């Protein structure tokens, strides 16, 4: 009997001279954890480490109490793992059903009837129940993304790692996806990386913000959002004192951070506001750190 | 919140049922491959059409299975092996290890091998082992000659395709290798024709996955060349084993990797010995009958 959990201690990962992750300590339990951060922050590297696709350069990773560095234990982890990478290529000529069925076979579901039923179940979950016979190459980007998600959901894995699962997915499907993940997260560790803060706000109990390979924030979503309380306001003009301002659909300007004045109309902060504040109001890409020589 | 789940015991190898199901799946993909289908169709047509009238040597007909089942089979399995490369981020984190998936791919070679056996039977039906077109070889050696030219290449080519697919990224690698092998066999055959009594040339001729053992003489009759057809089959099978082991080596870790490397060493030594025996055995000089 093993607890569904993930533990990282002092985990780092370098690619040549580039340090993608450094000194990451995390403990993940069943529930949905969101991973936020700018491009190049190390999110995908962290997810690949959790998915046993990549070994760490430093530190220790434990998934389900097993060590992914040990081949037999890695196989043990993979038996309970679902992984949707950031980009999935598909073999030529495969239909959605055939591809997911092939992956199900690789997940040791050798009984055809049970496997086919499971494939149909996950395709239904992602809204592709009626498109199983369609060739993947003929599908839209969002549909392909859902095929990739379907294979990750096979067998209701104890650990589900999703790298930008909602990219290119329409709003209705995103809502359905949230429901699916919330249900799975009752017993499974679900980690999802995304640039969509609204997905994290709607789904995750916990959020981890990565920045240049380091954990910048790790805690409840509500707590992070709370940090922006009183620091977001609406005004008729962009406030020079704000760190970030933009024109909203109402024609007024949303100002975040900076020196707060009393004569403004404060509004409820969103997770995006809090994230921008945490990032110092800088949404731009910051490259990964170079390893000190 | 912490849930307690029961996880299965760690194991590195898939169950027999999973492996069998995967091998069957890959086999189905091979038999639907257009290149392989074309190869089978061509061989079927060639066998159905039977021998040309007035054929005086077997060598005009027996390269076809090697070219189509072996060469085209190699290209088909190369494509099959490479086809999942784009999905490797997903496929690579499943419990089935890369060597196990490779083994399932190698298992598909049973199809061209089986068809090669049928082709051999058909060939022997049209070219009986007592046919003078075989030259001076004994009846058993005649069987060995055609088995080494028809059946073993049909097995080895697809296995080579899997090994190539595991290690080489260039999409046209199988075609290039096919042309290289074909050119090599053509070259050494021409050289052997002009130097039939040369021992080094005999070694060069046998240093291939396919070779000719006899040549129709312009002066009439068939000249049987140096070399032992039986040991040549042993050499070919050693090459097949090397192809499988090289393919399995990709992604192998720990003790499995150590065992594969050890087996590769043994297969390499065996191949070398069998090549020497193939060159030293059989006729020591060309014999025209």
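Can you work out the FRET efficiency for the pair residue A:60 and residue B:269, with r the C-beta to C-beta distance and R0 = 56 Å, to the nearest 0.05? Provide the component values of the computation, followed by the final result.
Numbers: r = 42 Å, r/R0 = 0.74.
Here the calculated transfer efficiency is 0.85.
Modelled label positions at residue B:38 and residue B:284, each set 7 Å beyond Cα in the direction of Cβ, lie 4.8 nm from each other. Note on B:251-259: average number of Cβ atoms from other chains within 10 Å of each residue's Cβ is 1. A full extension of the chain between residue A:252 and residue A:268 corresponds to an added length of 4.2 nm, given 0.36 nm per residue minus the alpha carbon distance.
State, as an integer percentage, the relative contact order of chain A based on alpha-carbon contacts under 8 Å between residues 6 or more apart.
Relative contact order, chain A: 23 percent.
Full extension from residue B:257 to residue B:197: what is 0.36 nm times the residue separation minus their Cα-Cα distance, to one decimal in nm? Write out the running numbers ahead of the final one.
Details: separation 60, 0.36 × 60 = 21.60 nm, distance 4.32 nm.
Taking residue B:257 through residue B:197 to full extension adds about 17.3 nm, to one decimal.
Cβ neighbours within 10 Å, averaged per peptide: list B:157-169, B:81-93 in order, most packed at the top. Write out the running numbers ahead of the final one.
Working: B:157-169: 24.8, B:81-93: 19.8.
Final packing ranking: B:157-169, B:81-93.
Taking each residue in B:92-104, count the Cβ atoms of any other chain within 10 Å of its Cβ, then average. What number comes out? List each step's numbers first, then the result.
Numbers: counts 7, 16, 14, 11, 6, 4, 0, 0, 2, 1, 0, 0, 2.
Taking the mean over all residues of the peptide, I get 5.
Per residue of the protein assembly as shown, the DSSP helices (runs of n ≥ 4 H) give a summed -39500 (n - 2.57) that works out to -14500 deg cm²/dmol at 222 nm.
Percent antiparallel among DSSP beta bridges with both residues in the protein assembly as shown, to the nearest 5?
Values: 40 of 59 bridges.
Here the share of antiparallel DSSP bridges comes out near 70 percent.
Cα-based radius of gyration for the stretch A:90-156, normalised by 2.2 N^0.38 Å, reads 0.97.
Along its first, second and third principal axes, ordered by size, chain B spans 91, 39, 32 Å in Cα coordinates. Remark: spin-label model distance residue A:137-residue B:187 equals 3.6 nm, labels positioned 7 Å along the Cα→Cβ axis.
Please compute, over every Cα-Cα pair in the stretch B:154-241, the percentage with a separation greater than 16 angstrom. Intermediate results must be reported in sequence, preceding the final value.
Details: 2273 of 3828 pairs.
The share of Cα pairs beyond 16 Å in the stretch B:154-241 comes to 59 percent.
Each of B:127, B:195 was scored by other Cβ atoms within 10 Å of its Cβ. Arranged with the fewest first, they read B:195, B:127. Most tightly packed first, judged by the mean number of other beta-carbon atoms within 10 Å of their residues, the peptides A:68-79, B:254-265 read A:68-79, B:254-265. Applying 1/(1 + (r/R0)^6) with r as the Cβ-Cβ distance of residue B:175 and residue A:67 and R0 = 41 angstrom yields a FRET efficiency of 0.45. The alpha carbon convex hull volume per residue for the stretch B:245-289 rounds to 71 Å³.
For the protein assembly as shown, what percent of Cα pairs sit more than 39 Å apart? Write down the numbers at each step before the final one.
Details: 74510 of 169071 pairs.
Cα-Cα pairs in the protein assembly as shown separated by more than 39 Å: 44 percent.
Taking every residue in B:39-48 and counting other chain Cβ atoms within 10 Å of its Cβ, the average works out to 0.
Readers should treat all values here as calculations from the given coordinates under stated rules, not as data from a laboratory. Because the structure is predicted, anything quoted here is derived from the model rather than measured. Heads up, the Cβs are rebuilt from the backbone with ideal geometry, glycines too, and the neighbour counts pull from every protein chain shown.
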